Amino acid sequence: MKKIFLFFISLYFLTAQQIVPEWFKVLPQHDPAINLAVGYTGKYRDRQLAQKAALNQARKNLAKQLRVRLIFEIQEISDGYYRLIQPTFEEIYYENLQAHIDTNSFVLDSVFVEDRCYILLSTDDNFTIKRSQLSNWGEKPIWTDSLPKKSNFVYGVGIVANYSYWKNGWQDADEYARFDACKNLKLESSSIRTEKRTGQYTINRKILRQSVDISVANSKIIERWYDIQRNVFYSLCRIPIQSPEKILTD
């Protein structure tokens, strides 16, 4: 097996919110048969623990990427005066895939930036990248406002804001991006209108329900962007359009 050399870079003159590995912002170009995923941590004093935590997260992210069940429901209730939105999200990844990845995944790169650890993981030990290039976030990408359009993929954007714990911000942005993309594969909608008379008043109520419950393969978080000024996290997910028999409802 090819030996993997890890390069650790410490930067104390810039915060991790301002500079990150280039492959954390944009996943490297690779053969579709190869799967890449990243893991990341908050600040750790113990680098060995940080690297272990980032590796565990990268493996979980890789398992989700290979196959994940996404259950999403949002119910909106409106009566003309008040509007109540009740979203629920559930994400299930498969333990047999996790066990396989634990023994069949390979670290391509590992970087420390201000005591935060980033790891890039691959399913192919022959795939290589150049030594880590660090980058600032740059200008706001087009995809944060307008999704890419390709005939063989669907895309989704996850957006969260004002997180005090940096790692949680990215985790939630990544997962919401998956849910947003899966809605373009399969979405069930229903609505109910009711009318209630009370004295001289008539109250019209509308209940709108949207739900998704599917298993998808190859859902990849391919780009991230952080708005430093507004403390907003953006993640872009890409899912290949699959034939109906491959979109499974569990």
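Using 1/(1 + (r/R0)^6) with R0 = 35 angstrom and r between the beta carbons of Asn184 and Glu114, what's the FRET efficiency to the nearest 0.05?
On the way: r = 37 Å, r/R0 = 1.05.
With a Förster radius of 35 Å, E is 0.45.
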Query raised in the report: Short version: ³J(HN,Hα) in whole Hz for each residue of the stretch 170-175, in order, from phi by Karplus 6.51 cos²θ - 1.76 cosθ + 1.60 (θ = phi - 60°), x for Gly and Pro, what are they?
Result: 6, 4, 5, 4, 4, 5
Query - Label-point gap, in nm, between Tyr163 and Thr88 - each point 7 angstrom along Cα→Cβ - result: 2.4 nm
Report task. Assuming R0 = 25 Å, can you tell me the calculated FRET efficiency for the pair Thr144 and Glu73, based on Cβ-Cβ distance, to the nearest 0.05? Result -> 0.50
Query raised in the report: Which FRET efficiency, nearest 0.05, do Thr103 and Asp46 yield, Cβ-Cβ r, R0 22 Å?
Result: 0.30
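Every read-out reported here was derived from the displayed coordinates using simple, explicitly stated rules and does not represent laboratory data. None of the values given here were measured: they were computed from a predicted structure. Neighbour counts run over all protein chains shown; Cβ positions are idealised from the backbone, glycine included.
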